[in-house]
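Just below is one structure, and these are the notes that go with it.
What follows draws every value from the coordinates through simple rules; no lab data is involved. Everything quoted here is computed from the prediction, not taken from an experiment. Please note: Cβ atoms are built from the backbone with ideal geometry, for glycine as well, and neighbour counts cover all protein chains shown.
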Amino acid sequence: MIIRATAIPLACYPYSSTSQIVHWLTRYQGKVSTVLKGAMRPRSPFLGEYDLFSTSELLYFEKRTHTLHAGKECAMLHRRDRFRSDWRAMQAASYLTALINRTTPEEAPHPELFVLFDELLDLAEEYGRHTNFVPWAELQFSRHHGHTPHLADCVLCGSIKELRFCASQGGTVCAVCSRKHKLPMIDCAPDVIAMLQTWLRADHPAGPVKTQLTPRQSLALNAVMSTFMMYQFSLPPNLREKLFIQA
Ligand SMILES: [Zn+2]
């Protein structure tokens, strides 16, 4: 069966000297993998019709027996050129792409995830160079997956005294509970927790990217978000570190 799909590449690998395997997030079919035969040849019709961080229309033959399908045609719909010249924005887009690739199972349709990814890439073109963009995008991604961090009070007893962040509990835990249960905690001052709550409610990054963070706030915020993402989505720590080393 031939499928026509709106699709964004998640990863591209060489398959032979002239062909490529491309994993895509499609709007209605979920994550699919295709072989693009001859895609690396100089006069291939695939040339320039797909790229990381770009949205394309993809035509492929669906194989019933396995999950590697045969790409037939491809047409670029939205190239997102900014990522070619804005290196920091490209780093943010690259992290979001790796995040979606690692957390999305194959062939499980999830149209809302496609919409979110498409929108986050559009926003990353404009706001991705700001260091606050990725934590904001991570909060939106977590909310989308139903893993919103719990930040209002202690996850375990509801107290609002001396809250710290505990990734394994999915949010803030009070000093008493953290001692009682010997939980690994990240020190997180009330101003940082309040900032996370504000960013979580912000549907657009324009506000969050304007927030000026002190070095202490920036350190705490990134410690919280990197442990939270690692724990909730089983990410390797280096996925996010690469992004912030140069920040
Ligand atoms: Zn408690």
Let me know the volume per residue of the alpha-carbon convex hull for the range 1-129, in Å³. 99
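Suppose only helical runs count, i.e. DSSP H with n ≥ 4. What mean residue ellipticity at 222 nm does that imply for the chain under -39500 (n - 2.57) per run, divided by all residues and rounded to the nearest 500 deg cm²/dmol?
-12000 deg cm²/dmol
If each residue's Cβ is checked for other Cβ atoms within 10 Å, how do ASP86, ASP191 rank with the fewest at the top?
Taking fewest neighbouring Cβ atoms as first place, the list is ASP191, ASP86.
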Identify the residues of the range 111-137 with backbone N under 16 Å of a label point that sits 7 angstrom from the Cα of ALA202 along the Cα-to-Cβ direction, or state none. 120, 123-137
Full-stretch length increase - GLN217, CYS12 - with 0.36 nm per residue and alpha-carbon distance subtracted: 70.1 nm
For ASP122 and SER234, compute 0.36 nm times the residue count separating them, minus their Cα-Cα distance, and round to one decimal in nm. 37.7 nm
Using 1/(1 + (r/R0)^6) with R0 = 30 angstrom and r between the beta carbons of ASP153 and TYR28, what's the FRET efficiency to the nearest 0.05? 0.15
Mind scanning LYS182/LYS242; LYS37/LYS63; LYS161/LYS182 and naming the pairs with a C-alpha gap bigger than 24 Å? LYS182/LYS242
Stokes-Einstein diffusion coefficient for the range 65-196 at 4 °C in a medium of 1.567 mPa s, Rh from the Kirkwood formula over Cα pairs: what value in µm²/s? 74
Whole-number D in µm² s⁻¹ for the chain, Kirkwood Cα-pair radius fed into Stokes-Einstein, 10 °C, 1.306 mPa s: 82
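At a temperature of 25 °C and a viscosity of 0.890 mPa s, determine how fast the range 55-98 diffuses translationally according to Stokes-Einstein, using the Kirkwood radius over alpha-carbon pairs as Rh; express D in µm²/s, rounded to the nearest whole number.
Rounded to a whole number, D works out at 192 µm²/s.
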What order do you get for TYR50, TYR15 when you list them from fewest to most C-beta neighbours inside 10 Å? TYR15, TYR50
Would you mind ranking CYS12, CYS174 by Cβ crowding within 10 Å, fewest neighbours first? CYS12, CYS174
Explain nothing, just compute: Karplus ³J(HN,Hα) = 6.51 cos²θ - 1.76 cosθ + 1.60, θ = phi - 60°, for every residue of the range 219-225 in order, whole Hz, x for Gly and Pro. 5, 5, 4, 6, 5, 4, 5
Tell me, what ³J(HN,Hα) does each residue in the range 122-130 have, in order and in whole Hz, if you take phi through Karplus 6.51 cos²θ - 1.76 cosθ + 1.60 with θ = phi - 60° and put x for Gly and Pro? 4, 5, 5, 4, 8, 10, x, 6, 7
